[in-house]
Amino acid sequence: MTSDTQLHELLRGAAWLPEDVRRAERYAPIDEAPLGSGTTLFLVSVVGGPAHGRLLFAPAHADATGRLTDAQGSEGFDLACVRLMTAGGRIPTARGGHVEFRGGEPTARAVSPLPFAQGWSSNSLSLLDIDGRPHLHKAYRTLGAEVREPELLRLMNGSGHTPRWFGDYGYVPPGGAERLALGVVYTYTPGSGIDTPLRANLRAFWPRLTGTQEPGRIGGTGGSDGLDGLVREHLAPLAGPLRTARSFLGGFHEELRTRLGRGTPPPDYPVEHALRAAEERYHALAERARDGVQLPPAALEKAFGSLASEIELLRTAFDTTGTHPAGPCHGDLHLSHLLWDPPRLIDISTPGTGPDEPGWAEQSPLQDLVALGRALEYFSADEAAYESARLLGVDSTETMLASLDGGAGMPPRERSVLLLVFEAADRWRRHVAGLLLTRDGSDGAGWSEGAAGSDGSDEALAGPERALTDEPLRRLLYLRRLLHELDYNFAHARPYHAAIDLRHAMALGLPSPLPLTLTTRT
């Protein structure tokens, strides 16, 4: 087995290493397997520090002196993995386990690397030409049972909703315990996330909006009706693609239900467990907020008051309603994961891959739609903060924090700019959510209940989560995601992003209006 010292030298300076892993006391070898040509597949445990016990995958190449260098992304590593997938190879490990390769293609006649700018990623990505078709090889850096993407791509292969699966490989520990995914190869799908056309559309909207700075007059028309009309007109070129994406999501969820559920009835979502977990996280976050989070105290107090009220409303709602069916979903859907030209989904994180798997019941297609709604909240608020900061000549953190109370302490002219931009961004977001997330693809007309604005009022801050449906499970899923993101932003000292969370938390805790309905079907 390779020594701790060699692995320490390999990992300590790795550019991809998260900070909590970098602070480990040492890195202990768990197992290893020879891949050939001087390359070894290492399984490494983090010892000490905040990431203690985390398991890492570290393929490495030994040079003539025995010094280890990272092999992920190298041509030799990529080609060896592809050829083992087509052969259905199995490599024994030093401690009696094995690395298992499996694939859907009998041969790969020609394999060669392609130029690829990976950018930053927590995993290793490389682009390969396999028999004239580009493929991505994703090797995971951090391992765990929650890495289900290779199995999901295999099960969904040929559905048209996800990239085509070529093959994958995983580590089976001694004794045949649970297989841990190490890497996957799938067809490369060119295209961009749906955030790309949305960003271009919203940024092209600002000059139309700010052509006049007179409060109450937007683009030559007066009041909220004029603003809604201008937003609808500006979004018209995207109405078709957004509705197509909505239908695609419905088909994806139905395909998941059919392929993963294998015809079994959907279980009941464990609402009591989920609500209790949300309440526990709420109390922990409230305690942390009292211990000196660098955010406006009034906003913290109001947001946490609204969160407490929402928990009580949900408890009452679930006491008076029946069961709520679960169902498989993407699991961690972001705007960038939904490709739009043509529609495809990437980076699937489904909590459970079948009825007999842990986590199967605690997921819902609504979870994906809530995630996209939250992503739109982050997206539009970030763009509004940046644009209002540009107009006012200040930093965007200043405008984001000012949006929490509608710029109450700002001079009148500056405040009118802030209100105008954030109000427009909120209305734009609600129209996008209507096209992308509702059953009939409505463009958001008539969403006056819970309408977003920037005067600090409760109804001013509501997002698609209040405008679209009164279904209790959806509200619970929204609450859980918001608390998760607020927890992350507190833990990583991100006051700018936490302010977005507070902004939308303040809208909670009120009975919802009669709304449109989120859909998971076409």
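The values are calculated or read from the model by the stated rules, or taken from the named source; none is laboratory data. Values in this document were obtained by computation on a predicted structure and should not be read as measured data. Cβ: placed from backbone, ideal geometry, glycine included. Neighbour counts: every protein chain shown. Keep in mind that these areas ignore ligands, DNA and RNA; they rest on the heavy atoms of the full protein, side chains included. Shrake-Rupley method; radii C 1.70, N 1.55, O 1.52, S 1.80 Å.
The packing ranking, built from the mean of other Cβ atoms within 10 Å per residue, places the peptides 374-381, 225-232 in the order 374-381, 225-232, highest first. Relative contact order, whole percent, for the chain stands at 12, derived from Cα pairs under 8 Å and 6 or more residues apart. Roughly to the nearest percent, how much of the accessible area of the chain is carbon and sulfur, given a 1.4 Å probe? Answer for the chain is 52 percent, counting heavy atoms of protein chains only. If R0 is 45 Å, the Cβ-Cβ spacing of ALA236 and SER112 corresponds to a FRET efficiency of close to 0.50.
By the helix-only formula, in which each DSSP H run with n ≥ 4 contributes -39500 (n - 2.57) and the sum is divided by residues, the chain has a 222 nm mean residue ellipticity of -14500 deg cm²/dmol.
Computed from Cα positions, the angle between helix 472-491 and the longest principal axis of the chain comes to roughly 70 degrees. The peptide list 34-42, 418-426, put in order of mean Cβ contacts within 10 Å with the highest first, becomes 418-426, 34-42.
Take the Cα of ASP129, step 7 Å toward its Cβ, do the same at SER336, and the gap between the two points is 2.8 nm.
Projected onto their three principal axes, the Cα atoms of the range 71-200 cover extents of 53, 33, 30 Å, largest first.
Each of the peptides 135-148, 45-58 was scored by the mean count of other Cβ atoms within 10 Å over its residues; in descending order, highest first, they stand as 135-148, 45-58. A 1.4 Å probe run over the chain, with the rest of the protein chains in place, finds 41 Å² accessible per residue.
About the Cα centre of the chain, what is the dipole size in debye to 20, counting +1 per Lys and Arg Cβ and -1 per Asp and Glu Cβ, all else neutral? It works out to roughly 960 debye. The modelled label-to-label distance between ARG262 and SER416, using points 7 Å beyond Cα along the C-beta direction, is 6.6 nm.
Converting the Cα gyration tensor eigenvalues of the range 31-84 into ellipsoid dimensions via √(5λ) gives semi-axes, longest first, of 23, 13, 9 Å. Rg/Rh for the range 367-411 stands at 1.10; both radii use Cα atoms, and Rh follows the Kirkwood definition.
On the basis of the beta-carbon distance and an R0 of 22 Å, GLU105 and SER159 show a calculated FRET efficiency of 0.80.
Counting only alpha carbon atoms, the long axis of helix 195-209 and the longest principal axis of the chain meet at about 20°. Cβ-Cβ distance of VAL172 and ALA28, R₀ of 22 Å, FRET efficiency by 1/(1 + (r/R0)^6): the value works out to about 0.65.
Stokes-Einstein diffusion for the range 241-357 at 4 °C, viscosity 1.567 mPa s, with a Kirkwood radius from C-alpha pairs, works out to 74 µm²/s. Between the residues ALA110, PRO92, GLY167, the greatest Cα displacement towards the positive end of the dipole of the range 56-180, with unit charges on the Cβ of Lys, Arg, Asp and Glu, is found for PRO92. With semi-axes defined as the square roots of five times the eigenvalues of the C-alpha gyration tensor, the equivalent ellipsoid of the chain measures 43, 25, 24 Å, largest first. Computed about its Cα centre, the charge dipole of the range 20-97 is approximately 200 debye, with only Lys, Arg, Asp and Glu carrying charge at their Cβ. What do you get for the angle between helix 75-87 and the principal long axis of the chain? Use alpha-carbon atoms, 0 to 90 degrees, nearest ten. Helix 75-87 sits at roughly 80 degrees to that axis.
Once divided by 2.2 N^0.38 Å, the Cα radius of gyration of the range 395-439 becomes 1.40.
For the range 1-147, the fraction of C-alpha pairs farther apart than 19 angstrom is 55 percent. Full extension of the chain segment joining GLU75 with ALA308 gains 78.5 nm, where the gain is 0.36 nm per residue of separation less the Cα-Cα distance.
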